[in-house]
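The values are calculated or read from the model by the stated rules, or taken from the named source; none is laboratory data. None of the values given here were measured: they were computed from a predicted structure. In this analysis, Cβ positions are derived from the backbone assuming ideal geometry, glycine residues included, and neighbour counts consider all displayed protein chains. To get the accessible areas, we keep the full protein, side chains included, count just its heavy atoms, and leave off ligands, DNA and RNA. Shrake-Rupley method; radii C 1.70, N 1.55, O 1.52, S 1.80 Å.
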Number of protein chains: 2
Amino acid sequence: MANLVPQGELGIQSIGDFRTEAGGTIEDAFIAYQRWGELKVTDDGTSNVLLIEHALTGDSDVAEWWKGLVGPGMALDTDRFCVLCTNVLGGCSGSVGPASRHPDGDHWGSRFPAISIRDQVKAEKTFLDAVGVERVSAVIGGSMGGARTLEWTLMYPGLVDAALVIAVSARASAWQIGIQSSQINMIENDLFWHGGDYHDTGYFPTAGLGSARKLAHLTYRGELEIDERFGSDPQAGEDPFGTFRSPKQRFSVQSYLDHQARKLVERFDAGSYVILTDSLNRHDIGRGRGGLNKALASSTVPTMVVGVDTDILYPYHQQEHLSRNLGNLLAMGKISSPVGHDAFLTEFRQMDNILRRFIMLAGPTLKTPTPEQAGEIEFYI
Amino acid sequence: MANLVPQGELGIQSIGDFRTEAGGTIEDAFIAYQRWGELKVTDDGTSNVLLIEHALTGDSDVAEWWKGLVGPGMALDTDRFCVLCTNVLGGCSGSVGPASRHPDGDHWGSRFPAISIRDQVKAEKTFLDAVGVERVSAVIGGSMGGARTLEWTLMYPGLVDAALVIAVSARASAWQIGIQSSQINMIENDLFWHGGDYHDTGYFPTAGLGSARKLAHLTYRGELEIDERFGSDPQAGEDPFGTFRSPKQRFSVQSYLDHQARKLVERFDAGSYVILTDSLNRHDIGRGRGGLNKALASSTVPTMVVGVDTDILYPYHQQEHLSRNLGNLLAMGKISSPVGHDAFLTEFRQMDNILRRFIMLAGPTLKTPTPEQAGEIEFYI
C-alpha cells in the first residue's frame, strides 16, 4: 500500500544498503522526496505518478524550480497526476551523499563510493518500491535528469508508460568529460577540500566549488544571452582597464559569475558536486548493452526528445542523435532561446507548451484516467 | 635604411621606453622577430612586407606554425613578399614580458604593467620604425593576431594596404571574458604563482598554467572533433569507472588534455599567459572611437574577414558582425571544419586557399610589384 508524505513536504525514505554498479556499498541509504497531487494506484499496479528528475544542483522541489508548471490545471496537472520528485542519490538536499553521516557517526566524505546515472535510477526504483509505487505514468527530466530519464526507459521499460528526455545525450562526450573534469580538479586543488574529508574540519572548499560553478555556468548559458546582458562593461565602481591588472577590478560579467558562485556555495555541498559531476562523466547508455545505437534501438518506451538550439554543453545534434536512433520515438521538440542549456529551466512559455504536448501525445499510452482535459489544452505557440 | 636579421633567424630589436595605453611604462622594451624573403622598400616608403600576427601562445616563427604556407611559391610567397612576424609585446619568445629582466636586473614579474591589444600594435609599429619599414603591404592574423590586425587597420590606416582578419571579434564578449578570467584565476590560485613574482623562487605555477591551458584548449577545439577522437573511452591502463573516483583513473580525453597542458607549461611563461589573456579581455575596437560600429564603419583599409563555422570561442556570428559593419570589406570567408577555433592553424588546405584568395583580391591595392603570379594561382576548392 502506497504511503507518501503530505503534499509539498519533504519526506525521507530509507532504502537499505545500496550496492553501486562499480561494486561500492552505501549502508543505510535514504532518499528524500516531495509530491504534489493525490497518488492513485490501480489493482494491477499502474499509477498516476509523473516522476520528475532534477538536474545536477537541483532538488526535489520541482514546484519551485519549475514554478508555474506544477499544480492544479497546470502543465504537470496535479488534479490528474501525482507529481513525484526525489533528490538524487549522492545529492545534498535530503538524500544520502558525501555530507551525510555514515552509520559510524562521522561524515561519509571520501568514503562515499562513485556512483553512475544507473545507480541513481536504481536507488530511485528502490525508493518507489519502498513507498509502494510499482509503475509510473511518465518520467520527465532535463540535463542530468534527462540522463536518468533515459536510463529509466532502458533499465525498467515495463514500469514506465512514457518518457520526456530534455537537453541531454546518450553518453558523455569527450568535451563534456573535459569540462566536467576541469571542475572536479578545481575543487580537488582547493586545500580545504582535504581529499574529500573536509566536513569535520570546519573549513569548506569555497574557492574551488565557486570556480567550478563559474565555469559550469558559462556552459549552461548561451554566449549571446550573457553578452546581451553584460557585454564588456566594467563592474560599477571597478576598473578592469587599469595600469595593473587586479582580481579586484572586474568586468560586469565577472561580478555576475562571482554572484552565481556565492549562491551555489551557500546551498550546495562540494562532495556532492564532485560525486554527481563524476556520475555525468560515467553516463553511457551503451555500456554493457552492445553500444549506444543498439541500446537506443532496443528502447520500447514511447519517448519524446527535446533540445535547445543554442546549447553548447549538450548540443542539439546530440538530441537529434537520440531521436534518430530511439526505438520508440514519440516526438522531437526544440527550444529556441539565446539562453543555452538552461533554457529548459528558464523558457517558461516554451516548456509549458512542451510539457502539455508531451502529456497529450503520451495520453493514449498513459495508463491513468483518460485525459478528458486534452480538448482544453491551450497552446501558446 | 631598413636593416633586418638574416632569413629565419631570431632578431631582437630595442624599441626604447614604452608607455602603455593605461599609463604604465616598460623601460628598455624590445621586440623579437623573424623574416622570410627579401625586403623591398621604394623611395616613397612602401614595402613588400606581409606582417603576420600570431595567436596567444604563438611566436614569431610563422614558417613553423603555418608550415607549408610560407616560402617560395607558397601562399605567403617569399619570392614576392617579405614575410615578417614579431613576438608580441608581453610574450615570452624573445620580446619583453614578465619573465624578462627589468633594467634593475630582477625579473619584471608583477611589475610588468597591463597591456592592451593597442599597446601590442603600437609596440610593433615602433619596432617597424626602428628597422626602417614605414608601411606594409598587408597585415594578417588569427585569434589574438586577428585582434591586432583589426587594430592595425584603425590605428595606422595609412600604413596598411590590406588586412586579413581571422577568427576574432570587434571586442571581447562577456562569455570570452568569463572563460579567460577563469583561466587567469586558475593561475593566480596556484600557490607557486607568488603574486606574479615566482621567477626568482625556483618554482613555477605549473598546475595553474596547466589547468588554464586545458580549459583554453576545450574552447579552441570543436566538441565534434574531440569526441570523434576520444569519445568516452578510458585511457589505456586506467579505469575511470572504478568503485571510487580517482584523479589517476582518467578518460582518454583527460590524458590528451594533460598532454596539452604539459606541452604548454614546458614552453610558455605563466606571467605572459596572464598578461596576454588580460589583453584579450581588454580588446574593444570601439573604445574611445564612439563605439564598435562607428569604429568599424570608419575603417578604410580593404579587409577580408574569415571565421570558422564551429568556433565556440569566437563564434561565426562575430565575424559576420565585422563583415556587415566594416567600412571597406574586401571579402568574407568561412572555414568549414569540425576542429573549431584552431581550424585556422590546422585546416591547411582551406587556409592555403584563403591566403591565396586574399593576396589575389588585395593585389590591386598592394603597392608591391604587380602580381604576375595571379594567373598561376591554383584553387583547391
Near pairs, Cβ below 9 angstrom, 6+ apart or cross-chain, from the stretch A:3-16 (part of a loop (DSSP other than H, G, I, E, B)) to any residue that is open to solvent by 70 Å² or more (accessible area, probe 1.4 Å) and not hydroxyl-bearing (S, T, Y):
A:V5/A:I12; A:Q7/A:E38
Filter result (open to solvent by 20 Å² or more (accessible area, probe 1.4 Å), of a type outside the set (A, V, I, L, M, F, W, C) and touching a residue at least 40 places away in the same chain (Cβ under 8 Å)) within the stretch B:150-163:
B:P157
All but one of (1) at pLDDT 95 or above; (2) in the same structural domain as A:V139 (by TED's automatic domain parsing); (3) in contact with a strand residue (DSSP E or B) (Cβ under 9 Å, 6 or more places away or on another chain) hold for A:K367; state the number of the condition that does not hold.
(1)
Quick check on the stretch A:193-227: of everything there that is under 22 Å from A:M144 (Cβ atoms) and among the polar types (S, T, N, Q), which residue is nearest to the chain's Cα centre (by Cα)?
A:T219
Take the residues in the stretch B:320-340 that are on the phi < 0 side of the Ramachandran plot and within 14 Å of chain A (Cβ to nearest Cβ), then tell me which one is most open to solvent (accessible area, probe 1.4 Å).
B:E320
Which one is most open to solvent (accessible area, probe 1.4 Å) among residues in the stretch B:17-43 that are in a strand (DSSP E or B) and farther than 25 Å from B:S279 by Cα?
B:V41
Determine if the stretch B:79-97 includes at least one residue that is more than 19 Å from B:Q7 (Cβ to Cβ), within 14 Å of chain A (Cβ to nearest Cβ) and in contact with a strand residue (DSSP E or B) (Cβ under 8 Å, 6 or more places away or on another chain).
no
Taking the criterion of being open to solvent by 10 Å² or more (accessible area, probe 1.4 Å), assigned by TED's automatic domain parsing to the domain that holds B:V165 and outside any loop (DSSP other than H, G, I, E, B), would at least one residue in the stretch B:299-309 satisfy it?
no
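Mind counting the residues in the stretch A:193-246 that are acidic (D, E) and at the interface with another protein chain (Cβ under 8 Å from one of its Cβ atoms)? Walk me through it before giving the result.
The initial filter retains those residues of the stretch A:193-246 that are acidic (D, E), namely A:197, A:200, A:223, A:225, A:227-228, A:233, A:238-239.
With the extra rule that they be at the interface with another protein chain (Cβ under 8 Å from one of its Cβ atoms), the set shrinks to A:223, A:227.
Qualifying residue count for the region: 2.
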Given the conditions (1) in a helix (DSSP H, G or I); (2) in contact with a Gly (Cβ under 6 Å, 6 or more places away or on another chain), and given that A:V339 satisfies all but one, which numbered condition is not satisfied?
(1)
Give B:A147, B:A174 a once-over and let me know the one that is within 14 Å of chain A (Cβ to nearest Cβ), out of contact with any Asp or Glu (no Cβ under 6 Å at 6 or more places or on another chain), of a type in the set (G, A, S) and open to solvent by less than 10 Å² (accessible area, probe 1.4 Å).
B:A147
Looking at (1) touching a Ser or Thr at 6+ places or on another chain (Cβ under 8 Å); (2) open to solvent by 10 Å² or more (accessible area, probe 1.4 Å); (3) assigned by TED's automatic domain parsing to the domain that holds B:S93, can you tell me which one B:T243 breaks?
(3)
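Hey, among the residues in the stretch A:104-142 that are part of a helix (DSSP H, G or I) and among the basic types (K, R), which one's farthest from the other protein chains (Cβ to nearest Cβ)?
A:K125
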Restricting the search to the stretch B:338-364, which residues are of a type in the set (G, A, S) and either at pLDDT 95 or above or under 17 Å from the mean Cα position of the chain (by Cα) (or both)?
B:G340, B:A343
Could you look through the stretch A:247-258, keep only residues that are more than 8 Å from every other protein chain (Cβ to nearest Cβ) and polar (S, T, N, Q), and pick out the one that is farthest from A:K214 (Cα to Cα)?
A:Q249
